[in-house]
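Everything on this sheet refers to the single structure shown next.
FYI, it's all coordinate maths here, none of it is from the lab. No experiment lies behind these values; they were computed from the predicted model shown. Reconstructed Cβ throughout: ideal geometry from the backbone, glycine too, with neighbour counts over all protein chains shown.
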Amino acid sequence: MTEHRTDLVLRPAHPDDTEAIAALWHQGWRDGHAGHVPAELHRHRRLADFRDRVPPRLPTTTVATLGERLVGFVTVRDDEVEQVYVAGSARGTGVADALLAAAERAVAERFDAAWLAVAVGNARARRFYARCGWRDAAALDYPAEAGTAAGATVTVACRRYEKRVR
Ligand SMILES: CC(C)(COP(=O)(O)OP(=O)(O)OC[C@H]1O[C@@H](n2cnc3c(N)ncnc32)[C@H](O)[C@@H]1OP(=O)(O)O)[C@@H](O)C(=O)NCCC(=O)NCCS
């Protein structure tokens with residue numbers, strides 16, 4: 001049986017979390033996306049790129065901590081759950097469930113339903129979303145941020161998942 005830690009804390013992100021979030025996002029991105037996205041996207045997913053991508057999201061980011069350690073984060077953008085990442089050591093422990101539930105509550109403050117995009121080949125994430133009551137609604141060509149030029153993107157073949165949140 002999976003052990004659920006009792007010292008899990010969810011809280012809003014603050015600027016001091018930037019480095020830990022960027023490191024976790026950098027590592028987790030490869031876990032979920034290597035082999036499932038166009039090769040050109042990899043050169044826009046260096047640690048330095050994640051350091052740039054974290055600050056604009058801090059106001060809508062929730063982090064999960066176990067003691068002193070940041071073990072996951074989730075970000076929302078309007079009705080989209082944009083990023084959900086859990087450190088490898090904390091996967092399968094319920095941290096991801098707690099983060100996703102927090103994101104759903106955040107979206108529910110303004111919207112009836114939430115959506116997210118997941119790479120077609122990211123089987124673990126898709127299984128996780130399905131277990132949490134999300135519906136695989138449609139194919140979606142998702143414009144993933146790529147580089148610093150305004151609006152520069154790389155298209156990733158994704159599935160759109162949806163869930164009523166209120
Ligand atoms: C996606 C993520 C947040 C899910 O959190 P998690 O703690 O790993 O999720 P869980 O272990 O609770 O659930 C994953 C499910 O996938 C299953 N699974 C594990 N490895 C799998 C694999 N290789 N293929 C398919 N399913 C898999 C698990 O058994 C579990 O299903 P179950 O609950 O029916 O047994 C986490 O894996 C993660 O951070 N991944 C890397 C980043 C990422 O891909 N983020 C999502 C971007 S859209």
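Structure notes:
- Relative contact order of the range 73-148, defined on C-alpha pairs under 8 angstrom at six or more residues apart (%): 26
- Across the chain, C-alpha contacts under 8 Å between residues 6 or more apart give a mean separation that, scaled by the residue count, equals a relative contact order of 22 percent.
- For the range 1-83, applying the loop criterion from DSSP together with a ceiling of 13 other beta carbons within 10 Å to the chymotrypsin sites (Phe, Trp or Tyr not before Pro) yields no site.
- Mean-position separation - Cα centroids, the range 111-131 and the range 57-107, in angstrom: 14
- Simple label model, 7 Å out from Cα along Cβ direction - Arg110 to Ala152, nm: 2.8
- Working note: Debye formula, equal point scatterers on the alpha-carbon atoms of the range 8-164, no solvent; log10 I(q)/I(0) at q = 0.19 Å⁻¹ is -1.34.
- Fewest-first ordering of Thr153, Thr6, Thr61, Thr75 by other beta carbons within 10 Å of each residue's beta carbon gives Thr6, Thr153, Thr61, Thr75.
- Segment Leu10-Arg46, length gained on full extension (0.36 nm per residue, minus Cα span): 10.3 nm
- Coil-residue GluC sites (Glu not before Pro) of the range 20-91, DSSP, other Cβ within 10 Å capped at 16: Glu68
- The chain - mean residue ellipticity at 222 nm from DSSP helices (-39,500 (n - 2.57) per run, n ≥ 4, rounded to 500): -8500 deg cm²/dmol
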